[in-house]
Each structure stands twice: as C-alpha cells, then as structure tokens.
Amino acid sequence: MGQRIFSRKIRENESEVLFVATWLNGIRKVEKSECSYKQLPIAGHVVNLISLPSLNASEFIEEITTNLFYKLEQYMQLSDSIVYGLTKDTTTSGYMIVVPDEFNSIRNEFFGECKYCRQHNTFFAWCQLCDPWEAAQDWTSGDEYIDECIKKFQLKTTNYEEIIEWIPFDKLQSIKGNQFAAIWSDGIRKVKNDDHLGYIQSRIQFYRVNLMKFDSSRNALDFIKYVSK
Ligand SMILES: [Zn+2]
C-alpha cells in the first residue's frame, strides 16, 4: 500500500492498537467531468491504522495469512466500515488495516494542530480523535465508580472548555468565612489565541469557584448528569 510520511500511536487496548497517519497516495475518488468520469485520487489523506498484535514474524506464513484474512473479514463486516487496504510496518513487521479517520471531514487548519497526532484539529485547540481519550488517562479519584462516571463524560466531550475533571481537594484553597467558595489553583480551561502558536489549550489559574455539598457521591453524580443534559 502507498507510502506514508508519518504515523503516530493514538491508543491501545487488549485487542488492537490505533495509529493515525497521512497516506501520501491518498484515497481513490471518481470525479465527474462534463462528458466522462475520471479516477482522481485525493493525495495526502489522513487515515487510521489498526494494528493486528496477534500476528508476528514467528508465526508460520499460512497462520499469518489465515489470521489476517479472518481479522480483515471481521472488520469489514462491522456496520458502515470502510477498509482502504492493508499495510506492513517496516520497523516492527506488524500488519495493519488502513481505515478512514472518522474526523477527517471536520479537521481544519484554522483550529490549530493536535499535539498528539500532529494533524489539524477538529475544533479550536481540540482533536476529537485524541483529546477525549487523553483527558481520561493518568488520573484517579480513588473511587472506581466516580472515575468511570467522569471518564464517560470526558470521552463524549467535543470542546476543550467543556471537559469535566477530577479536582483533588488540595487544588482548592479555602476562602475565609465562606465554606461554599474556593480558589481553584489549576483553574478553568480556556482556549487561548496565541500570536505565534494560534489556538492553544490554556487555563485561567487561581480561579474563584463555588462548591456545592452533597451527602454522597451518588447524589453528586446524579446532579452532574442532570446539569450535563
Ligand atoms: Zn489528534
């Protein structure tokens, strides 16, 4: 399959690893001109790569082919799935299925570049492929139920300024004489328009916030669900 200039690992779970890449040759497109249809590839197209970790060089060639065929067939049977082809990572010798980047149509240079996949963002300082996933990594409230609930919201977020997060209590400085207000040292998320870097993710630190008290974590989560509707 066509050469690619860049690929970056986005996420990994038990069954597959997802990468994003630019396919230099690009996808096949048919263009209609006045009296005929022409083949007109769209070069430099952003695609996703799904690696097949169960396949490795130590397996027999027949086994690799059978596995590859099975995985490919399985993927192609998923509803609405489009497969552009297969490729082989020349550094790891692993095979990968090349599929569309589902956010390709909303990526725009104007929104800035994603710091994870290096493609154009899908909104101001926001990449829908990478940012929700990244927001849900490397933190815990210490309570599995709370973590799961916050992560569900994070994975659905479409805007940097609207991500909810776990805020450790020591990030909130109390305000004397007012137990329902505090200064949040990390502060709220804000998209900044930087003269040199364009739109970037930023925060307004030491921001005054209000605190609402709940009897239990369940009540607090029910409230979050209610206001997030
Ligand atoms: Zn990205």
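Readers should treat all values here as calculations from the given coordinates under stated rules, not as data from a laboratory. Everything numeric here is computed off the predicted structure, so don't read it as measured data. So basically every Cβ, Gly included, is an ideal-geometry build from the backbone, and we count neighbours across all protein chains shown.
Reducing the range 179-229 and the range 116-153 to their Cα centroids gives an inter-centroid distance of 15 Å. Exposure proxy for 123, 69, 169: other Cβ atoms within 10 Å of each Cβ, ordered fewest to most, give 169, 69, 123.
Using 0.36 nm per residue, how much length does the chain from residue 196 to residue 224 gain when fully extended, once their Cα-Cα distance is taken away?
Using 0.36 nm per residue and subtracting the Cα-Cα distance, I get 6.4 nm.
Determine the shape class of the range 109-228: with a ≥ b ≥ c the square roots of the Cα gyration tensor eigenvalues, call it rounded for a/c under 1.5, and otherwise prolate if a/b is greater than b/c, oblate otherwise. Oblate, since a/c reaches 1.5 and b/c is not below a/b. Here the relative contact order of the chain, from alpha carbon pairs under 8 Å that lie six or more residues apart, stands at 11 percent.
Residues whose amide H falls under 5 Å from that of residue 84, counting only those 5 or more places apart or on a different chain, are 98, 99, with hydrogens built in the peptide plane.
Please compute the length gained on full extension between residue 82 and residue 24, using 0.36 nm multiplied by the number of residues separating them and subtracting their Cα-Cα distance. Let's see the in-between values first.
Values: separation 58, 0.36 × 58 = 20.88 nm, distance 1.83 nm.
Length gained, residue 82 through residue 24: 19.0 nm.
As a proxy for reagent exposure, 83, 98, 191 were ordered by neighbouring Cβ count within 10 angstrom, fewest first; the result is 83, 191, 98.
Among the trypsin sites (Lys or Arg not before Pro) within the range 122-205, which fall in a DSSP loop and have no more than 14 other Cβ atoms within 10 Å of their own Cβ? Sites meeting the loop and neighbour criteria: 176. Rounded to the nearest Hz, the phi-derived 3J(HN,Hα) couplings of the range 153-163 under the Karplus curve 6.51 cos²θ - 1.76 cosθ + 1.60 (θ = phi - 60°) are 5, 4, 5, 9, 5, 10, 8, 3, 6, 9, 6, where x marks glycine and proline. Among 34, 109, 16, the residue with the largest mean-square fluctuation in a Gaussian network model of the chain, with springs joining Cα atoms closer than 10 Å, is 34.
For the range 170-178, backbone phi angles converted through the Karplus equation (6.51, -1.76, 1.60; θ = phi - 60°) give residue-by-residue couplings of 6, 8, 10, 8, 6, 10, 4, x, 9 Hz, Gly and Pro being listed as x. Here the label points at residue 143 and residue 155, each 7 Å from Cα along the C-beta direction, are separated by 2.1 nm in the simple model.
Need the full-extension length gain, residue 203 to residue 162, defined as separation in residues times 0.36 nm minus the C-alpha distance. One decimal, nm.
13.5 nm
Within straight-line reach of residue 151, meaning a Cα separation under 17 Å, sit the following lysines at least 8 residues removed in sequence or on another chain: 225, 229.
Amide H to amide H, with H built 1.01 Å from N, residue 119 comes under 5 Å of 114, counting only residues 5 or more places away or on other chains. Taken one residue at a time, the phi angles of the range 96-101 give Karplus couplings (6.51, -1.76, 1.60, θ = phi - 60°) of 9, 8, 9, 10, x, 7 Hz. Gly and Pro are set to x.
Across the range 114-162, Cα pairs under 8 Å and at least six residues apart give a relative contact order of 40 percent. Note on residue 11 and residue 36: with the Förster distance fixed at 41 Å, the Cβ-Cβ geometry gives a FRET efficiency of about 0.45.
When the Gaussian network model of the chain links Cα atoms closer than 10 Å, the mean-square fluctuations of 36, 15, 174 top out at 36.
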